[in-house]
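Let me begin by presenting the structure, written as structure tokens, before commenting on it.
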Amino acid sequence: MNTERKPQQKKKEKRPPRKITKSYLQNSGVFYLERYPASIAHFQTVMRRKIDRSLQHHGVPEREECLNWLGEVTEKFVEYGYLNDQRYAEGMVNSLLQKGRAQMKIRARLKQAGLDEQTIAAAMSKLNASRAEHIDINDLPSNWPQNPSNINEYIAALKCAKKRRIGPYTALARTPKEPEKALAILARNGFSYDLAQTILRTDADEAERLLQAIV
């Protein structure tokens, strides 16, 4: 039996944060935005944390000076199009709707990112109008309104149902409690009772035909 102990590996020491300069803020800001889409407010929050970590270690320069640099960098990024709240909102709305998120949940998510209600509403309205314009009314399930004012909410609920295997996507054997559980799932995901009822009554073939048509 080998009783020799393996030498313990030394833990890697954390590298100290870089000292803040205007050029460093700009370069690290570009690096961050290349990896993650961000609203103006969220970008500034991330960069302020970076500033504060650096100041805790180095103590200089003055925080006010760093924040002034951040303001200048932010203005430049907006001017160059690196930061654009409307574009960010539209991208997030589309992405979250594709994942089956209700608009109530999407609004909350975008407000957390620092977007105002006007920007959020404009992004939702634009996507809804675009979807309504390009969808064929014959592809809508027969129990849906023929001209729903909020087609995206219906489609998001349908995507949620497919993901959770409820309503049209329930397994072959239905149980008496299945509709009750399905309603609870859709409600927890932010969909209204009436909309949830509509989704649960949607024919499976019609539901899948619609989702295939809008891909």
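The values are calculated or read from the model by the stated rules, or taken from the named source; none is laboratory data. These numbers were taken from a predicted model, which means no experiment stands behind them. For neighbour counting, all protein chains shown are included, and Cβ atoms are generated from backbone atoms with ideal geometry for every residue, glycine included.
Every residue, every condition in (1) farther than 30 Å from residue 165 by Cβ; (2) of a type in the set (A, V, I, L, M); (3) not assigned by TED's automatic domain parsing to the domain that holds residue 164, yes or no:
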position	(1), (2), (3)
40	yes, yes, yes
49	yes, no, yes
53	yes, no, yes
91	no, no, yes
97	no, yes, yes
104	no, yes, yes
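Kindly evaluate residue 101 against the criterion of being touching a residue at least 40 places away in the same chain (Cβ under 8 Å), out of contact with any Cys (no Cβ under 7 Å at 6 or more places or on another chain) and in a loop (DSSP other than H, G, I, E, B).
Criteria met by residue 101.
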When both residues are 6+ apart or on different chains and their Cβ atoms are under 9 Å apart, which pairs have a first residue that lies in region 21-43 and is in a helix (DSSP H, G or I), and a second that is modelled with pLDDT under 95? 24/18; 28/18
Anything in region 124-169 that is among the charged types (D, E, K, R) and part of a helix (DSSP H, G or I)? List them, or say none. 126, 131, 133, 139, 153, 159, 162, 163, 164
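Say we look at region 74-98 and pick out the residues that are of a type in the set (Phe, Trp, Tyr) and assigned to a helix (DSSP H, G or I); which of these is farthest from residue 41 (Cα to Cα)?
So, considering only residues that are of a type in the set (Phe, Trp, Tyr) and assigned to a helix (DSSP H, G or I), the one farthest from residue 41 (Cα to Cα) is 80.
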Which of the residues spanning region 110-139 are loosely packed, with under 15 Cβ neighbours inside 10 Å and modelled with pLDDT under 90? 129, 130, 133, 134, 136, 137, 138, 139
So how many residues does region 176-194 have that are within 21 Å of residue 95 (Cα to Cα) and either modelled with pLDDT under 90 or hydrophobic (A, V, I, L, M, F, W, C) (or both)? 4
Inspect region 115-123 for any residue being in contact with a Ser or Thr (Cβ under 9 Å, 6 or more places away or on another chain), under 23 Å from residue 95 (Cα atoms), not assigned by TED's automatic domain parsing to the domain that holds residue 46 and not in a helix (DSSP H, G or I) and give the result as yes or no. yes
Assuming residue 165 fulfils every condition listed in (1) closer than 30 Å to residue 44 by Cβ; (2) of a type in the set (D, E, K, R); (3) free of Cβ contacts under 8 Å to residues at least 60 places away in the same chain apart from one, which condition is it? (1)
Is it true that some residue in region 50-64 is surrounded by 13 or more Cβ atoms within 10 Å (Cβ to Cβ), modelled with pLDDT of 95 or more and either of a type in the set (Ser, Thr, Tyr) or within 20 Å of the chain's Cα centre (by Cα) (or both)? yes
Residue count for region 140-171, restricted to those that are at positive phi and surrounded by 18 or more Cβ atoms within 10 Å (Cβ to Cβ): 1
